[in-house]
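Everything below concerns the one structure shown next.
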Amino acid sequence: MTADATGTSEEAARFQALLAAFEGQPAATAGRGKDAVNEPMIRHWCEAMGDTNPAYCGPDAIAPPTMLQAWTMGGLSGHSDRSTAYDELLTLLDGAGFTSVVATDCEQEYLHPLRPGDTVAFDAVIESVSPRKTTRLGAGHFVTTRMDVRAGGRRVGTHRFRILKYAPAGRPAQQREPRRKAATLRPRPVVNRDNQGFWDGVRDHRLLIQRCTSCATLRFPWLPGCNSCAGSDWDTVEASGAGTVFSYVVMHHPPFPAFDPPYAVALVELAEGVRMISNITGVPYDKVRIGLPVQLEFLRVDDDLELPVFRGGEA
Ligand SMILES: [Zn+2]
């Protein structure tokens, strides 16, 4: 197999077809949680997260939904349920030079709460293998697995997990400049089903706020449900763009490559009442003040990224 970074497009297409054949194959079958859902693990989790929600303790406790993966993890001794297909896929990628691995992101969906005493079972499938992508780490393929978690015979949640198998980028002298340029790219927002509408709005230069259709409470940032009435239906209202600085910090350290300290990070209260974190433009960092009136504008950061920011006016 020579479908490495220097392979021809024909070789790359052949290699991609080999990878695509793994889509839909099992990544883990008939997995079982090593421990039943239990109060000690819930308590440790809540302490580590600083989550004091009363729903997670007492006689009617449920497990925090975000613990979903914890109940499926194999610990140091691992699980014996990993499929041969998944191992074969990783071996194929290793053989083509994509020997490094990094976890990139996960998405979870919660269908029913887990409670102490529930026993967890799961299956995982190789959902997709991306075409070759060039990343800052090096060229590679994203592998997405989807785990369906069940308890008491019903599906309680879905855990989607994505890794990048990549060939570490070399550091020849002529590559140094482009690599440094790439490293200064501003971080990308994570766009998912819960916040897609917000970023669609940004694309159209509209700042959209979610509004609960049951109780009319506005919410920001975007969430799947209403914190006021737990309603799941919503529509949007477009922000007028007027706001004031509710609070702010000035970042001096640590320096991040994409940013140029010192700079102000502001919590802006919109005229509609919700608050969002953003940058203040048009005002030096040391002139940003609580109560400063600001007006929405859209900042073109680079070819692929535009962000809502706020231009400071007269205090
Ligand atoms: Zn509501």
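Throughout, read-outs are computed from the coordinates displayed, never taken from laboratory work. Since the model is a prediction, treat every value here as computed from it, not as a measurement. A quick note on method: Cβ atoms are made from the backbone with ideal geometry, for glycine too, and the neighbour counts reach across all protein chains shown.
Structure data summary
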| item | result |
| --- | --- |
| Per-region count, segment 116-142, residues surrounded by fewer than 19 Cβ atoms within 10 Å (Cβ to Cβ), under 24 Å from P59 (Cα atoms) and touching a helix residue (DSSP H, G or I) at 6+ places or on another chain (Cβ under 8 Å) | 1 |
| Near pairs, Cβ below 7 angstrom, 6+ apart or cross-chain, from segment 204-217 (in contact (Cβ under 8 Å) with a residue 60 or more places away in the chain) to any residue that is within 13 Å of the ligand (Cβ to nearest atom) | I209/L218 |
| From the options M147, M73, M67, residue that is surrounded by 14 or more Cβ atoms within 10 Å (Cβ to Cβ), hydrophobic (A, V, I, L, M, F, W, C) and touching a His at 6+ places or on another chain (Cβ under 9 Å) | M147 |
| Conditions (1) under 18 Å from P189 (Cα atoms); (2) within 16 Å of the ligand (Cβ to nearest atom); (3) of a type in the set (A, V, I, L, M); (4) part of a loop (DSSP other than H, G, I, E, B): number failed by A258 | (2) |
| Those residues of segment 143-171 which are within 19 Å of A63 (Cβ to Cβ), in contact (Cβ under 8 Å) with a residue 24 or more places away in the chain and part of a loop (DSSP other than H, G, I, E, B), in sequence order | G152 |
| Members of segment 22-46 found to be loosely packed, with under 14 Cβ neighbours inside 10 Å and small (G, A, S), listed by number | G24, A30 |
| Evaluation of D286 against (1) outside any loop (DSSP other than H, G, I, E, B); (2) within 25 Å of W222 (Cα to Cα); (3) charged (D, E, K, R) (one fails), failing number | (2) |
| Whichever residue in segment 200-223 is hydrophobic (A, V, I, L, M, F, W, C) and either under 12 Å from G273 (Cβ atoms) or in a strand (DSSP E or B) (or both) and, among such residues, is nearest to the ligand (Cβ to nearest atom) | C212 |
| Residues satisfying the stated conditions in segment 126-142, i.e. assigned to a strand (DSSP E or B) and under 20 Å from the mean Cα position of the chain (by Cα) | I126, E127, S128, V129, K133, T134, G140, H141, F142 |
| Candidate set: segment 224-246, residues that are part of a loop (DSSP other than H, G, I, E, B) and within 21 Å of L296 (Cβ to Cβ); chosen: the one farthest from the ligand (Cβ to nearest atom) | G241 |
| Hits in segment 143-159 (condition: under 30 Å from R14 (Cβ atoms) and either of a type in the set (S, T, Y) or in contact with a helix residue (DSSP H, G or I) (Cβ under 6 Å, 6 or more places away or on another chain) (or both)) | T144, T145 |
| Cβ-Cβ under 7 Å pairs, at least 6 apart or on other chains, segment 284-305 side touching a residue at least 24 places away in the same chain (Cβ under 8 Å) and closer than 14 Å to H205 by Cβ, far side part of a loop (DSSP other than H, G, I, E, B) and of a type in the set (A, V, I, L, M, F, W, C) | L296/L207; L296/A239 |
